[in-house]
Amino acid sequence: MKLQKTIYSLLLAATAIFASCSDEFFDTAPADDLTGKETYASTANIDALVNGTLRYLMESSTSQDNPGYAAIILSQEVMGEDAIARDGVYGFRDSYPFRDPYDNTTRRALFFWSFQYKVIDNCNNIIAYVDQASGPEADKKYLKGQALALRAFVYLNLVGQYQFTYAKDKTAKAVPIYTEPTSPASQPKPRATVEEVYNQVISDLTAAETLLQGFKRVVKNRPDVNVVKGLFARAYLNTGKWDLAAAKATEARVGYAIMEPGQYLQGFNDVSNVEWIWGHPQKADQNLGGASYFAYIDVTPATGYRSIMPDPFFRKLFLDQDIRKSLFELVTTPADPMYRWYKYKKFVDKTDRSGNIVLMRSSEMALIQAEGKARLNDLSGAITALNDVRIKRNLPAIVDGTLDQPALIEEILLERRRELWGEGFRLPDILRLQRSVVRNETTDTFKSGTSDVVIKGHYIRVFPDNSQFVPNSPYYLFSIPINEINTNPNL
């Protein structure tokens, strides 16, 4: 099976990454390249491999438009309705119309599948060999916990990318589960069910939560107990276990206050932000030019792709006093390549192109807490959690008793759209809620001299076969690449 041969080469790929890692962000880089058993000989070496695996997840790329995990985040945004891949601009113009990664012959379909399974295989090796390494027992425990958490994170992504929601059919076939190190001789696995994948995720997180007790990370790129609790919250939200989702989200928030209104305007580019629970720090030499998250979502520079734009209807979801609404800017200069588009300046790269990537925030956890409580009909508890976010965005608190359960749930879901734009949650929420993408043609205008000029918005409002958007469409799912299908008869 080609996948087995591909993921077997991860060690070389990860070694190449962490061997070049001289950042003071991480006190983990080995002095020399490591190969074979030497990689797992000591906890210091395995710590470097964990770091290399995290960097591989976030920074590996097969092309400019596949900047690691960020490519998945951006694809999941433009496959919804609140973000648009600007017409004719490189990057995500084929994800926006549901052609890529739906088409299993594309390099993006291959990349999304193969690089995630590479990360899983490296986690499997760490889990298998860390106990035999030399070094402190506490370090072994923490390294195994991080590997389990990272494996759970990737499987949680995969099960939502390649199959419909748990609530629709938990017995549907999703993705293969690998928990042992692979080699070219390994037998390929069949697709596990959605329920089986979630069971694996919960099992990994349960073990990680125990192993990571007492772990004090130096940098927020490493999964710790708060990250594990946040991943629990996501998994329980996806599976409709509302009480557990709310409880774990509440725990994940501990120690991470929601940022003040003014902080929301600072560019979402630094893990030191008070509410970032998990993020990817990087220096300019790690942010690979066009192959980077900010190259596509940062619309403020005069050059660059600047390809991810907000829908004008998305802007209308915000009240005027909302601090987030001040981030919209309509381009009215005809000579500007972004003429007639709204810019949404939530994400602004640092001046040296070292912008950090957010992976989990306390605002997300507050909204999971709110939704879980609302679905359990604890409306007061839900409103309290929702207001934690609203007040910090300059919005008035919702008064207890003013919204019934359905209206409150819809308000929470709207707040997820407003708050989490650009962070990769839109398509997963559409699938989780079994709803349809809704893209409307804008007729909004602005004055240019004496003329009314139409603002740009959605220019693709049907699926590739010209059918209308519907819930649970296969166009929403990522495709197992054709070469994997051809080489794994068990799929």
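Structural remarks
- When Y142, Y129 are checked against the criterion of being touching a helix residue (DSSP H, G or I) at 6+ places or on another chain (Cβ under 6 Å), at pLDDT 95 or above, of a type in the set (S, T, Y) and not in a loop (DSSP other than H, G, I, E, B), Y129 stands alone in meeting it.
- Inspection of the stretch 121-132 finds a residue satisfying the criterion of being open to solvent by 40 Å² or more (accessible area, probe 1.4 Å), free of Cβ contacts under 8 Å to residues at least 24 places away in the same chain and farther than 22 Å from Y56 by Cβ.
- Candidate set from the stretch 436-482 (those that are within 27 Å of the chain's Cα centre (by Cα) and of a type in the set (A, V, I, L, M)); member that is nearest to Y96 (Cα to Cα): I460
- Of residues in the stretch 45-85 being assigned to a loop (DSSP other than H, G, I, E, B), open to solvent by 20 Å² or more (accessible area, probe 1.4 Å) and of a type outside the set (V, I, T), the one nearest to Q132 (Cα to Cα): S61
- Condition check for E196: assigned to a loop (DSSP other than H, G, I, E, B), modelled with pLDDT of 95 or more and surrounded by fewer than 19 Cβ atoms within 10 Å (Cβ to Cβ): no
- Residue within the stretch 481-491 that is under 30 Å from I357 (Cα atoms), open to solvent by 20 Å² or more (accessible area, probe 1.4 Å) and of a type outside the set (V, I, T) present: no
- Just one of the listed residues (G230, G267, G255) is among the small types (G, A, S), closer than 25 Å to K346 by Cα, open to solvent by less than 40 Å² (accessible area, probe 1.4 Å) and outside any helix (DSSP H, G or I), namely G267.
- Test: V219 is among the aliphatic types (A, V, I, L, M), crowded, with 17+ Cβ neighbours inside 10 Å and in a loop (DSSP other than H, G, I, E, B): yes
- When the stretch 86-105 is limited to residues that are within 20 Å of Y162 (Cβ to Cβ) and open to solvent by 10 Å² or more (accessible area, probe 1.4 Å), the one that is farthest from the chain's Cα centre (by Cα) turns out to be T105.
- E209 being out of contact with any His (no Cβ under 6 Å at 6 or more places or on another chain), outside any loop (DSSP other than H, G, I, E, B) and open to solvent by 40 Å² or more (accessible area, probe 1.4 Å): no
- Just one of the numbered conditions (1) of a type outside the set (S, T, N, Q); (2) open to solvent by less than 10 Å² (accessible area, probe 1.4 Å); (3) part of a loop (DSSP other than H, G, I, E, B) is not true of K189: (2).
- Filter pass, A167 being open to solvent by 40 Å² or more (accessible area, probe 1.4 Å), more than 27 Å from P101 (Cα to Cα) and of a type in the set (G, A, S): no
- Test: D444 is surrounded by 15 or more Cβ atoms within 10 Å (Cβ to Cβ), acidic (D, E) and closer than 23 Å to Y293 by Cα: no
- K118 vs. criteria of a type in the set (K, R), surrounded by fewer than 23 Cβ atoms within 10 Å (Cβ to Cβ) and more than 30 Å from R439 (Cα to Cα): no
The values are calculated or read from the model by the stated rules, or taken from the named source; none is laboratory data. Owing to the predicted nature of the structure, the values given are computational and were not obtained by experimental measurement. Neighbour counts run over all protein chains shown; Cβ positions are idealised from the backbone, glycine included. These area figures cover heavy atoms from the full protein model, side chains too; ligands, DNA and RNA do not enter into them. Shrake-Rupley method; radii C 1.70, N 1.55, O 1.52, S 1.80 Å.
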